[in-house]
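Undergrad: Got a structure for you, written out below as structure tokens; questions coming shortly.
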Amino acid sequence: MEKTMGLAMSVPQLLIILVIVALIFGTKRLKEVGGDLGSAIKSFRKSMNAGDSDAEPTGEPKQLTREEQEKQ
């Protein structure tokens, strides 16, 4: 006899929970939450990819002339 720890559930149990959540919140609200979650994940991945490319130096730093330094 096996004992499982944690949130191990079968497919029918998960479907019942999904139906109950849909009845409580409504399908429109679940669709909005899903869209928000998807866009948040997409934004997170995009920022992680941008962070990786910023970490690597692209070449020699530019030397400013005295005139360019005075302008800043």
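The values are calculated or read from the model by the stated rules, or taken from the named source; none is laboratory data. What you see is a predicted model; the values in this text were computed from it and never measured. Every residue, glycine as well, gets a Cβ built from its backbone with ideal geometry; the counts of neighbours run over all protein chains shown. The area values use the complete protein model at the heavy-atom level, side chains included, leaving out ligands, DNA and RNA. Shrake-Rupley method; radii C 1.70, N 1.55, O 1.52, S 1.80 Å.
Undergrad: For Ser43, are the conditions met, namely being modelled with pLDDT of 85 or more, within 27 Å of the chain's Cα centre (by Cα), of a type in the set (Ser, Thr, Tyr) and open to solvent by less than 100 Å² (accessible area, probe 1.4 Å)?
TA: Yes, satisfied.
Undergrad: Charged (D, E, K, R), modelled with pLDDT of 75 or more and surrounded by 10 or more Cβ atoms within 10 Å (Cβ to Cβ) - does that describe any residue in segment 46-61?
TA: yes
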